[in-house]
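Since the structure comes first, as structure tokens, the remarks are kept for the end.
The values are calculated or read from the model by the stated rules, or taken from the named source; none is laboratory data. Quick caveat, the model's predicted, so the values are computed rather than measured. Here Cβ is always computed from backbone atoms with ideal geometry, including for glycine, and neighbour counts include all displayed protein chains.
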Amino acid sequence: MSVPQQAFSGHGGGAGRARQRLVEYALLMRLHRPIGIFLLLWPTLWALWLAGDGHPRWDLVLIFIAGVVLMRSAGCVINDYADRDFDRHVARTRDRPLTAGRVSPREALALFTVLVLAAFGLVLLLNRLTQVLAVAALALAVVYPFMKRITHLPQVVLGAAFAMSVPMAFAAQTGEVPRLAWLLYVTTLVWTVAYDTLYAMADREDDLRIGIKSTAILFGEADRLIVGLLQAMVIAGLYLVGRQAALGWIYGLGLVAAAVLFGWQQFLVRRREPAACFEAFLNNNWVGAAVFAGLVLEYLAGRW
């Protein structure tokens, strides 16, 4: 998404320039593409509802939603900072504000710092265990963008970072991280690897040309099969979560819907066309929503 420079010039003087900077910062944080927020948010909400046995504390829900937005935004900023010399060589990313020169590296680091400090302020409202887990989550988020230079498994690091919201939610709600939380953590990690591999499949040719590593390159011709196996593991993991939490058939319907959506994603990527791979990646938003709907309706049914 590009922003015409003339839209901010010639009128408004300093106010116009300030508005231009804010727009560029919003683009750098990818607020115009909220898919990453949703993919991080769904497992967070799963965990909050499970930890609260269907009755999560609403102050925690609001804190975690705000934290998801802030940390996903910070992740986008530090990712673009790390990739600023690569993004200009990829058609899909060459117009991002940092690599296009509309935002300076110093500005990006300052914005990242502000976002992290705001998220840290939210964490201070929570208990000590959650704060310790938040530090680990931040470390993973900072390390992730640099992993694609040294390993073909950066998606695993991203999954480890994204899934940290699960033990954090349990810690905030209950003061501990039970086995159920770690099962959901691993399941979320696997789901992230699956959908981010689809994302990487859309960029595979460009990544090969500029030397970026990914699971899509590592898996090669076995990519669809391995993603399918990972998706099956996600359904199995969510089923085990349901068993441990004593959830019933309504939750199961959510898992059936998620499995159908995974099947649709496999159909989309059958020819490995970049646009179709990206569409399959986006479709994971509905997977997260289906599981959450099943979870919420299951708990609501238990009240009736």
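Does region 250-270 contain any residue that is in contact (Cβ under 8 Å) with a residue 40 or more places away in the chain and not in a helix (DSSP H, G or I)? Scanning region 250-270 turns up at least one residue that is in contact (Cβ under 8 Å) with a residue 40 or more places away in the chain and not in a helix (DSSP H, G or I). Among the residues of region 117-132, write down those that are under 18 Å from residue 30 (Cβ atoms) and surrounded by fewer than 20 Cβ atoms within 10 Å (Cβ to Cβ). Within region 117-132, 118 is the sole residue that qualifies.
A single member of 143, 132 is of a type in the set (Val, Ile, Thr), free of Cβ contacts under 8 Å to residues at least 40 places away in the same chain, over 20 Å from residue 196 (Cβ atoms) and assigned to a helix (DSSP H, G or I), and it is 132. Does residue 7 satisfy the criteria of being at pLDDT 95 or above and at negative phi? No, not satisfied. Criterion applied to 198, 238 was being farther than 22 Å from residue 279 by Cβ, surrounded by 23 or more Cβ atoms within 10 Å (Cβ to Cβ) and under 21 Å from the mean Cα position of the chain (by Cα), and the one residue passing it is 238.
When each of 167, 97, 105, 154 is tested for being more than 17 Å from the chain's Cα centre (by Cα) and buried (at least 21 other Cβ atoms within 10 Å of the Cβ), the lone residue that passes is 97.
For region 265-304, the set of residues classified as loosely packed, with under 14 Cβ neighbours inside 10 Å and of a type in the set (A, V, I, L, M, F, W, C) consists of 267, 275, 300, 301, 304, listed by residue number.
The numbered conditions (1) buried (at least 23 other Cβ atoms within 10 Å of the Cβ); (2) under 28 Å from residue 271 (Cβ atoms) are all true for residue 226 except (1). Among the residues of region 64-85, those identified as buried (at least 20 other Cβ atoms within 10 Å of the Cβ) and either closer than 14 Å to residue 171 by Cα or among the acidic types (Asp, Glu) (or both) are 64, 80, 83. For region 37-53, a residue qualifies if it is surrounded by 18 or more Cβ atoms within 10 Å (Cβ to Cβ) and either modelled with pLDDT under 95 or not in a helix (DSSP H, G or I) (or both), and exactly one does: 52. Only one of the numbered conditions (1) at pLDDT 90 or above; (2) in contact with a helix residue (DSSP H, G or I) (Cβ under 6 Å, 6 or more places away or on another chain); (3) under 20 Å from residue 159 (Cα atoms) is violated by residue 97, and that is (3).
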